[in-house]
Structure formats: structure tokens, C-alpha cells
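Since the structure comes first, as C-alpha cells, the remarks are kept for the end.
The values are calculated or read from the model by the stated rules, or taken from the named source; none is laboratory data. Bear in mind that the values here come from a model prediction, so they are computed numbers and not experimental data. Cβ sites come from the backbone with ideal geometry, for glycine too, and all protein chains shown count toward neighbours.
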Amino acid sequence: MKRRFGIRPSPAVSGLAVIAGVGMIAFGIYFLAQTGGHPFIIVWLLVAAGITIYHAVNAFGGKKIHTEVIDYEDVDDPTEPPPPTRPADRLRDLQKLRDDGLITEAEFERKRREILREL
């Protein structure tokens, strides 16, 4: 069964990032006034504003923004039949493996004795 989930910062981490982002914006505004609109400071402000808005939405908004989405498949697929647990079923499966040439006669006998010992 395929599943999908998103990874995002926790609200606490996003809250700290908002505080840091506000500090970066204040720093940028101060230097923007000092440099008269240097392009680096303008880029600084845009990046700081983007980071701050992203984390503000994650920390305080109802909708969360995922930084990464992962698809994975469950190993324990409930649609697959469970392995046979009754000795008769296990012996039938073992005989089929031998008949199909997937195990040797010696392997068949060893496993057959093991299953019969469990009775």
C-alpha cells in the first residue's frame, strides 16, 4: 500500500525561525537605510521576508507547508495472504517447491521432518 506524508518544521522551530526572520528583516532595513538601496541588501530583505512568511504560516497558520513529500510503500501489505501456519498447508507448499525444482530432495526431507516434529 502506497502512502504519502510531508515533512515540515515543528511549530516550535518555525516560531523560533519567525523571531530570527524578524531580526534579519530589521537588520536589512537598517543597512538598507545606511547603503541607500544596495542590491545585496534588497535581496537579503526578500529572502528574509520569504523565510519569515514560510515559518509564520507553519507556526501560526491552519495550513502547513511541507518542505518535502515522501512516497513509500508499506512492507506489511494487508492484501498479501499470510504465510500458511497449518502443518498440512506448509507441507503442500514445501512439496510444490520440490516439484517446481526450487529445492532439492534433501532440503525437502529436512524441512518436512522439521514440520512433522512440530505436530
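Would you pick out the residues in the range 96-114 that are in contact with a helix residue (DSSP H, G or I) (Cβ under 8 Å, 6 or more places away or on another chain), assigned to a helix (DSSP H, G or I) and more than 20 Å from R86 (Cα to Cα)? E105, the sole residue that qualifies. Within the range 21-69, being in a loop (DSSP other than H, G, I, E, B) and within 36 Å of the chain's Cα centre (by Cα) holds for G61, G62, K63, K64, I65, H66, T67. Among the residues of the range 62-91, just one is in contact with a Pro (Cβ under 8 Å, 6 or more places away or on another chain) and modelled with pLDDT of 75 or more, namely R90.
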